[in-house]
Structures are given as structure tokens and as C-alpha cells.
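The values are calculated or read from the model by the stated rules, or taken from the named source; none is laboratory data. This structure is a prediction, so every number in the text was calculated from the model and none was measured. Backbone-built Cβ (ideal geometry, glycine too); neighbour counts: all protein chains shown. Heavy atoms of the whole protein, side chains included, go into the accessibility calculation; ligands, DNA and RNA do not. Shrake-Rupley method; radii C 1.70, N 1.55, O 1.52, S 1.80 Å.
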Amino acid sequence: MPEGHTLHRIARDLGAAFVGTTPEVTSPQGRFAAGAALLSGREVLDARANGKHLVVEHAGEALLHVHLGLIGTFTIDATAYVGERPVVGQVRCRIATDEHVADLRGPNVCEVITPEDEAAIAARLGPDPLRADADPDRAWARIHRSSKPLAALLMDQQVLAGVGNVYRCEVLFRHRLAPYTPGTKVKRRSWEAVWDDLVRLLPLGVATSRIVTLPEQVEEVEAALARGEGVHLDERSSYVYKRTDQPCRVCGSTIRSAEIAGRTLYWCGRCQRRT
Ligand SMILES: [Zn+2]
């Protein structure tokens, strides 16, 4: 499933392509024909993400709301075609100008909503570390009252919006936190450190479309971005994610895995003992 940084990256790219334009919106597949007709021919004012929810705001309080779910994709293409652009696969929604075409395939949600609906969605979500208006205390209020394991709470979109399995596993390791610690036993300063780290790490994911968590890679990417350069990381590297039975990069003991909150958690039982 795409994590929040992917949605923010799509929002950024949709905004760059379409804000200020009046695109044609269609549903080549047909399942979103009525909604597309509502949006088509209205100026795009903004594109934004909140957690895993994407909103493209059109003039006249008509908002396209998308949740990609497990398999959805939203691709933005700047290729110039002469005449008709071919439709590949099941395109639920297409946004098109003469310069850009964006195709949405396989989403969980694709609908037209009002600003009130968007506010209701936001009220159900926890804070998103990628948003400037995010309030980490809202997440803490839920965490410290819950007996659920911290590793489950970090995946709960009502607690924290946008964080998925990879960031969950990696940020727990970065802070050496025991994943099964009940929320009621989590120290406030541990939560604050996790939040601050997500605020630091997630923008690197937006910038590179890679989940960067190893310290040397974090520093490399931050330095490159500070210089205004692009970054090309050769391989995806993680502390614990998808490293079952491999040696911990810090202590050498075997990385463990178990299902928690419906997804596989990876952790080091020796390193991760803090609450
Ligand atoms: Zn270890």
C-alpha cells in the first residue's frame, strides 16, 4: 500500500501540472462518468494530501477525493501527443490538458466531495507529519490512553495519518522502541522523538520517492537536497523492514517478524527494548 509520502508526492505533481488550468476530466472506464462530468471544465485550485487521502480542488467547491487503497495508481504524464492519447488499462479518472494527462487506476475511493466532506475526513484522521497544520498532541491523546501495542497504534490512521508499515518498522527501530509496548506505557518523550523523526524523514520520501531511514542515507539525502540536487540511491536499504532472519545492522542478532495490525512487523528483539 502506498504510504503518505507517495500521496503527498502525487499531490505535488498534480498541483504542478494542473493548478491554474481548466482540464478536461473524464472516466475512460466509465465508472466515474457522472463525477468526472461534474469536475470537467472547472479550474483546478489546489491539490493536497492528508495521510493517504488525496484531494484535487476544483472551482465551485467541487473536490475530487481519491484513496488509492492497496493497488491504486495515479500517474502524471507530460508527454505531448498529437491527437488522442491512448488509454491503457482501466482508467477510472483522467485529468487532461494539452500539456499533461493524469490517469487514475484501481483506486479504493474516487468521488466528488464538498469542503464539508473533506473536513469530516480530516476530523477522522490523526495528524499527518507532512502537513504544516498537524498537531502531534492529537496523536498522543489517543496513544497514551490505549492498551494496544505501539506498533499497532502507529499504523492506525485515526492515530497518525500517512504512516504505513515501512516507516512504522523503521522508526521504531531508529528509537530502539519495543513494538509491543502498550500505548499507556509509552513515554511521552519517546512519542515526541518518533513524531520529530517522522517530520524529518517523510519529506525525504516525498523528495526522492524512496523511504530513507539509515542514518548515512538520511544525511546524504538531506545534504543533496540542501544543495538543490537530486539524489539517486542505488538500493533500498532498511534497518529491519523485510530483513527477517538477517543479522541486525547494529547488534547482529536475528531480525524477527510477526503480524501486527494486519501487516508484518519487523524488529530486533535485542536492540528494541525502550518504552
Ligand atoms: Zn539489534
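Looking for something outside any strand (DSSP E or B), among the β-branched types (Val, Ile, Thr) and over 16 Å from SER27 (Cβ atoms) - is there at least one such residue anywhere in the stretch 83-92?
No, the stretch 83-92 contains no residue that is outside any strand (DSSP E or B), among the β-branched types (Val, Ile, Thr) and over 16 Å from SER27 (Cβ atoms).
What's the number of the only condition in (1) farther than 17 Å from LEU177 by Cβ; (2) crowded, with 16+ Cβ neighbours inside 10 Å that ALA226 fails to meet?
For ALA226, the exception is condition (2).
Looking for whichever is open to solvent by less than 30 Å² (accessible area, probe 1.4 Å), within 26 Å of GLY205 (Cα to Cα) and of a type outside the set (Lys, Arg) here; the options are ALA11, ALA96, ALA36. Which one fits?
ALA11
Kindly indicate whether any position in the stretch 256-265 is within 9 Å of the ligand (Cβ to nearest atom), closer than 18 Å to TYR167 by Cβ and at pLDDT 95 or above.
No: the stretch 256-265 contains no residue that is within 9 Å of the ligand (Cβ to nearest atom), closer than 18 Å to TYR167 by Cβ and at pLDDT 95 or above.
Run down GLU192, GLU216, GLU170, GLU220 and say which single residue is within 14 Å of the ligand (Cβ to nearest atom), assigned to a helix (DSSP H, G or I) and among the acidic types (Asp, Glu).
Only one candidate passes the filter, namely GLU170.
So which residues in the stretch 39-49 are open to solvent by 10 Å² or more (accessible area, probe 1.4 Å) and either within 14 Å of ASP13 (Cα to Cα) or of a type outside the set (Ser, Thr, Tyr) (or both), if there are any at all?
GLY41, ARG42, GLU43, LEU45, ASP46, ALA47, ARG48
Do we have THR184 as surrounded by fewer than 17 Cβ atoms within 10 Å (Cβ to Cβ), more than 16 Å from the ligand (Cβ to nearest atom), under 19 Å from the mean Cα position of the chain (by Cα) and modelled with pLDDT of 95 or more here?
no
Provide a single number: the residues in the stretch 39-53 that are in contact (Cβ under 8 Å) with a residue 60 or more places away in the chain and either on the phi > 0 side of the Ramachandran plot or touching a Pro at 6+ places or on another chain (Cβ under 9 Å) (or both).
Total meeting the criteria: 3.
Go through (1) open to solvent by less than 10 Å² (accessible area, probe 1.4 Å); (2) over 16 Å from LEU201 (Cβ atoms); (3) part of a loop (DSSP other than H, G, I, E, B) one by one and return the number of the condition LEU160 breaks.
Here LEU160 meets the rest and fails (2).
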